[in-house]
There are 2 protein chains.
Amino acid sequence: MAQINPVVGDLEHNTKKIISAIREAEKIKADLICFPELVLTGYPPEDLLLKPQFIEDNLEALQRIIKKTKDITAIVGFVDMDDDIYNAAAIIYNQELKGVYRKIFLPNYGVFDEDRYFQAGKEPSLFVINDAKVGITICEDIWYANGPALLQSLNGAELVVNISASPYHLRKRKLRKRVLSTRASDYRVFIAYVNLVGGQDELVFDGGSMIFNAEGELIAQAKIFEEDLLVADLNLGSVFRKRLHDPRRRKEKLKAKEIEKILVCNNKKTNREKIEARLERDLKLEEEIFRALVLGTRDYAKKNGFEKVVIGLSGGIDSSLVAVIAVEALGKDNVVGVIMPSRFTSPSSLEDAKTLAKNLGIKTITLPITGIFDKYLEELEDVFKGKKWDSTEENIQARIRGNILMALSNKFGWLVLTTGNKSEMSVGYTTLYGDMAGGFAVIKDLFKTMVYRIAKYVNERAEKEIIPKRVFEKSPSAELRANQKDEDDLPPYSILDPILQSYIEEDKSFREIVAKGFDEELVKKVIKMVDKNEYKRRQAPPGIRITPRAFGKDRRLPITNRYVPRD
Amino acid sequence: MAQINPVVGDLEHNTKKIISAIREAEKIKADLICFPELVLTGYPPEDLLLKPQFIEDNLEALQRIIKKTKDITAIVGFVDMDDDIYNAAAIIYNQELKGVYRKIFLPNYGVFDEDRYFQAGKEPSLFVINDAKVGITICEDIWYANGPALLQSLNGAELVVNISASPYHLRKRKLRKRVLSTRASDYRVFIAYVNLVGGQDELVFDGGSMIFNAEGELIAQAKIFEEDLLVADLNLGSVFRKRLHDPRRRKEKLKAKEIEKILVCNNKKTNREKIEARLERDLKLEEEIFRALVLGTRDYAKKNGFEKVVIGLSGGIDSSLVAVIAVEALGKDNVVGVIMPSRFTSPSSLEDAKTLAKNLGIKTITLPITGIFDKYLEELEDVFKGKKWDSTEENIQARIRGNILMALSNKFGWLVLTTGNKSEMSVGYTTLYGDMAGGFAVIKDLFKTMVYRIAKYVNERAEKEIIPKRVFEKSPSAELRANQKDEDDLPPYSILDPILQSYIEEDKSFREIVAKGFDEELVKKVIKMVDKNEYKRRQAPPGIRITPRAFGKDRRLPITNRYVPRD
């Protein structure tokens, strides 16, 4: 199972990567190599799929792969075409395309829009590869209890391959394991699940490809958040023995349709040494999230041609964590911290920002904003005459910082990483074109309480204080007016975050949230803040999806929306 | 046909509007009143549809409408629910829900995502209303040649009602007419097509509801871009006579499935005066676009609770046109022009901006940016040492203007309208957080050449020079450096725009565009500029869709995308 990291649209690059993995697998005399879903185009290609030339270029690239595939069977995700297009798997052996499987169940929910592009496949087939009967399925196909994998196993498949491009979110790995294990033991079939790895805009694919035996036991697992070639010898003989003991299959078989069997090759490699399957370890929650953020950031920067990133350091927990992630993703020489104190910046914040930068070994630039801010106030004095200081003056400061960061980005070609978290993004406690200005919003899908957890993990992992202790201890503040605290405007994050989670991620109603024990007025206020700030989120940079429901593709609310739930 | 303008999510408001139209139709003794698709929720409700309480609140609102519907049959678009949800039409008479039609063909392309939300309906039925056999269909249903309307007419329907929420784009009205006229004469049936009207984020619904007779002739048409109640007496007796002359129906009928007939009411209103159907005039292209922009802007502002808007006036054609649209949409007292000269602003630009404001009668505020800009340069001097002036310094100026406009917005609650056109947005000739900063991008889907056409129309329509003549004559310039002209960096718009149209709206390949006679190197350069500026467009404010392929929901390209078409 070749768990590789393609680049969306880069057919040349992806083709080379695929051919090189095929070479490697041929060397160790593997019978079969499987690549993830749409590995050739990268996933998701989105509206590139509406360009006829892109489809043709992808077919031409497939031909190059076919020519290079000799003494091994390869399953490669690509876009198939007749008078329509299909999310498909090519089954290749001995420089020939032996068959094609077309995905039957197209996902069109959450972050997926496959009904926008593809026609669905009709019938599954079975491929005979060195005497083994292999059913091929694509991602969503295996999530249907009565899907093609059931039919394939009732028709004799001993192994079902599932090629996937399954994006990461919290608890997704557990969910996948449960479903795949259940399918394997329900169908009494080996399941080899090969997943994509890498970051693509808002999505990060976690890899962690897996093999389950016909008892539903996990027997092999690839690395998580890294490229990997997972090799295993499968004892498919055990499948028949299992089936003799399982009466369910006999009864189900009576009503199962027959499916076509296609011979791919019969060329057993007898002189091969047995390879022990690897079981890479699972990650604990904080490590998993941290590595998702690192990979997502690295890939966004590199795949978009950025070597260096720049971050505004405030001395707060959010920018501190983002700096740590950036250093882990790109190396300390590729991260620049910009410290932009104002008259409201506390000496301790300034000091904490500098300590963090020193701990990380990154370069900093200090550019105070006070002079520029005063100039704005001077120019606006007449127009604002008689008006009180309010969020306007706070936003002006944030936007000066945004302008400075973007100027550094423009001048030096650095990518600006923004530092806003999901709690702020939810309630709009953030300045559009100010702290929201930048190319990539690293932690936009982490609630503030989770930011603290991951930051704590960072120090524990390093076994030293990378993020200064004081950063954890002080009250969160935007420092845009004197003695400002987030809690002046918002409830404590320990209360705000669970309300936000219920409302945003679970679509719970006002009543249901109140029933959990939260204050009515507070819940009403929070819901209103979330709803009316949709316009800000619409202009936010992309960031890494961590929760099951991130802002962006995952949650598509209208801006113009006057819905107020009845009490 | 009640062509009304609902607000997405505002069930209370929409319910009242619907009941009031029913009252009006009862007064004139109409047999039947039809409302647009999903009129109750507004269209498109997007992920509001994933909230169970929203569905329940919509059903409760429908009950209120049912109670108020007495001596008339009403067809009302709503979200139906069993153990799933449906895009549906309620057929109501005498305070009872007589039946429900569920949309069969769900669109999931372009700006539509209905497969994300709805289960499709299975079978159409026929409703008998005062002896007339009426088939009900919803929007997309009628676009399928072999869709439910064919089956309904083969089963005896004399009238097919199509309730729609069909968003405007160029040439869409012509297309609708062609299709509806053909269906009516193919099926030998009257077609009453009732469309939504109003703006919703990027979409504007143009209304223009229509009735075709069984010969495919347009016999009634409602106002375009306005609410309307279109009333017509239909001579359904003519349908049978037509059918006796048409052999196609007999042959098709042999293989047509039978469908259920549901009696709604039998309560003919004999004492009614005959009402002559109205045929509102069509609009010529420029007027059509102008009115789409006006309605889209007005509705975005008002539905989001803004009374006033603010616009940066540069003295160029783009901001001039946007100011004219804003005044038409909201009245001159609700539009503020901000003039922000820099050292690169030519005296003539300054003068033209002032003349335009005077011609429109709008208030202006002049806030030079030179002082603030100098302050930025001073603060950045050390960091930028040894670096040449480049787009960085240009962007700083644009972002100062963005900051000032947003400060006015924050202080006074004005909505910032941005002034970028589609040509600029396509090639990224625009500053993120600078001139792109604002809540609504009025002309983001007009190519520059079209901006000139609409601006010319504006003056012709007024029969005077609202936009000063010089604004049309001077070379377009961002005036962000000395003697800058757009054509220093870009090809002339008369060449750029058709290339952009081929590439963006038609997904033509590099070769196909070159084959049209454009220079190879130029086409390559333009394609590259379009592709690499996806990240800017992702953070752009919403704006009104005018072309068949606007940026936003309509064209969903990945940011991370290394596709380069093969030559």
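The values are calculated or read from the model by the stated rules, or taken from the named source; none is laboratory data. What you see is a predicted model, and the numbers here were worked out from it, not measured in a lab. Reconstructed Cβ throughout: ideal geometry from the backbone, glycine too, with neighbour counts over all protein chains shown. The area values use the complete protein model at the heavy-atom level, side chains included, leaving out ligands, DNA and RNA. Shrake-Rupley method; radii C 1.70, N 1.55, O 1.52, S 1.80 Å.
Listed here are the residues, each with its yes/no results for (1) surrounded by fewer than 19 Cβ atoms within 10 Å (Cβ to Cβ); (2) in contact with a helix residue (DSSP H, G or I) (Cβ under 9 Å, 6 or more places away or on another chain); (3) farther than 30 Å from B:I55 by Cβ.
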position	(1), (2), (3)
A:R461	yes, yes, yes
A:P476	no, yes, yes
A:L490	no, yes, yes
A:I504	no, yes, no
Within the stretch B:130-153, which residues are open to solvent by less than 10 Å² (accessible area, probe 1.4 Å) and more than 30 Å from A:Y109 (Cβ to Cβ)?
B:V134, B:G135, B:Q152, B:S153
Quick check: is even one residue across the stretch B:80-89 open to solvent by 10 Å² or more (accessible area, probe 1.4 Å) and within 12 Å of another protein chain (Cβ to nearest Cβ)?
no
Among the numbered criteria (1) open to solvent by less than 10 Å² (accessible area, probe 1.4 Å); (2) within 7 Å of another protein chain (Cβ to nearest Cβ); (3) in contact (Cβ under 8 Å) with a residue 40 or more places away in the chain, which one does A:A407 miss?
(3)
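For residues in the stretch A:510-529 being of a type in the set (A, V, I, L, M) and within 12 Å of another protein chain (Cβ to nearest Cβ), which is farthest from A:N421 (Cα to Cα)?
Result: A:I513.
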Tally up the residues in the stretch A:1-52 that are open to solvent by 10 Å² or more (accessible area, probe 1.4 Å), charged (D, E, K, R) and assigned to a loop (DSSP other than H, G, I, E, B), please.
4
Restricted to the stretch A:21-44, and to residues that are without any contact (Cβ under 8 Å) to a residue 60 or more places away in the chain and touching a Gly at 6+ places or on another chain (Cβ under 8 Å), which residue is nearest to the other protein chains (Cβ to nearest Cβ)?
A:T41
Does the stretch A:480-493 include one or more residues that are of a type in the set (A, V, I, L, M, F, W, C), within 14 Å of chain B (Cβ to nearest Cβ) and in contact (Cβ under 8 Å) with a residue 12 or more places away in the chain?
yes
Scan the stretch B:464-477 and report the pairs whose first residue is under 25 Å from B:E328 (Cα atoms) and whose second residue is open to solvent by 70 Å² or more (accessible area, probe 1.4 Å), with Cβ atoms within less than 9 Å and a gap of 6+ or a chain change.
B:I467/B:K456; B:P468/B:E351; B:R470/B:E351; B:F472/B:K456; B:P476/B:K485; B:P476/B:E487
Residue check: is A:A437 within 14 Å of chain B (Cβ to nearest Cβ) and of a type in the set (A, V, I, L, M)?
yes
A:Y117 among the hydroxyl-bearing types (S, T, Y), surrounded by 19 or more Cβ atoms within 10 Å (Cβ to Cβ) and either in contact (Cβ under 8 Å) with a residue 60 or more places away in the chain or at positive phi (or both):
yes
Which condition does B:F412 not pass, out of (1) at the interface with chain A (Cβ under 10 Å from one of its Cβ atoms); (2) touching a residue at least 60 places away in the same chain (Cβ under 8 Å); (3) open to solvent by less than 50 Å² (accessible area, probe 1.4 Å), if it passes all the others?
(3)
I need a count of the residues in the stretch B:280-293 that are open to solvent by 10 Å² or more (accessible area, probe 1.4 Å) and of a type in the set (A, V, I, L, M, F, W, C).
2
Inside the stretch B:546-567, the number of residues satisfying the requirement of being more than 7 Å from chain A (Cβ to nearest Cβ), of a type in the set (K, R) and open to solvent by less than 30 Å² (accessible area, probe 1.4 Å) is 1
As an exercise: evaluate A:N146 against (1) in a loop (DSSP other than H, G, I, E, B); (2) in contact (Cβ under 8 Å) with a residue 12 or more places away in the chain; (3) over 26 Å from the mean Cα position of the chain (by Cα) and give the number of the one condition it does not meet.
(2)
Restrict the check to the stretch A:357-375 and report whether at least one residue is touching a helix residue (DSSP H, G or I) at 6+ places or on another chain (Cβ under 6 Å), closer than 30 Å to A:E226 by Cα, open to solvent by 20 Å² or more (accessible area, probe 1.4 Å) and not hydrophobic (A, V, I, L, M, F, W, C).
yes
For the stretch B:53-78, give me the residue count where each residue is open to solvent by 10 Å² or more (accessible area, probe 1.4 Å) and within 7 Å of chain A (Cβ to nearest Cβ).
1
For B:K536: the one exception among (1) away from chain A (no Cβ under 11 Å); (2) open to solvent by 20 Å² or more (accessible area, probe 1.4 Å); (3) charged (D, E, K, R); (4) in contact (Cβ under 8 Å) with a residue 40 or more places away in the chain:
(1)
Just to be sure, is B:K255 in a loop (DSSP other than H, G, I, E, B) and touching a residue at least 40 places away in the same chain (Cβ under 8 Å)?
no
Within the stretch B:182-252, considering only strands (runs of 3 or more DSSP E) that don't extend past its boundaries, which have at least 2 residues that are among the β-branched types (V, I, T), open to solvent by less than 30 Å² (accessible area, probe 1.4 Å) and under 30 Å from B:T270 (Cα atoms)?
B:190-195
Scan the stretch B:295-317 residue by residue and report those that are within 28 Å of B:S348 (Cβ to Cβ) and in contact (Cβ under 8 Å) with a residue 60 or more places away in the chain.
B:T297, B:V309, B:V310, B:I311, B:G312, B:S314, B:G315, B:G316, B:I317
Given the conditions (1) more than 30 Å from the chain's Cα centre (by Cα); (2) of a type in the set (D, E, K, R); (3) under 30 Å from B:I369 (Cα atoms), and given that B:K516 satisfies all but one, which numbered condition is not satisfied?
(3)
Looking at this structure, is B:Y86 under 23 Å from B:G9 (Cβ atoms) and of a type in the set (S, T, Y)?
yes
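Here is a yes/no grid of residues against (1) open to solvent by 20 Å² or more (accessible area, probe 1.4 Å); (2) within 12 Å of another protein chain (Cβ to nearest Cβ); (3) among the acidic types (D, E):
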position: B:V338; (1), (2), (3): no, yes, no
position: B:N395; (1), (2), (3): yes, yes, no
position: B:Y433; (1), (2), (3): no, yes, no
position: B:V442; (1), (2), (3): no, no, no
Could you tell me whether the stretch B:353-376 includes any residue that is under 21 Å from B:R545 (Cβ atoms) and assigned to a helix (DSSP H, G or I)?
no
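Taking the condition in contact (Cβ under 8 Å) with a residue 24 or more places away in the chain, within 13 Å of chain B (Cβ to nearest Cβ) and open to solvent by 20 Å² or more (accessible area, probe 1.4 Å), does A:G543 pass? Talk me through it step by step, then tell me what you get.
On the way: in contact (Cβ under 8 Å) with a residue 24 or more places away in the chain: yes; within 13 Å of chain B (Cβ to nearest Cβ): yes; open to solvent by 20 Å² or more (accessible area, probe 1.4 Å): no.
Answer is no for this residue.
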Cβ pairs under 6 Å, 6+ apart or interchain, first in the stretch A:374-386 and within 7 Å of chain B (Cβ to nearest Cβ), second part of a loop (DSSP other than H, G, I, E, B), ordered by first then second residue, are A:E379/B:L367
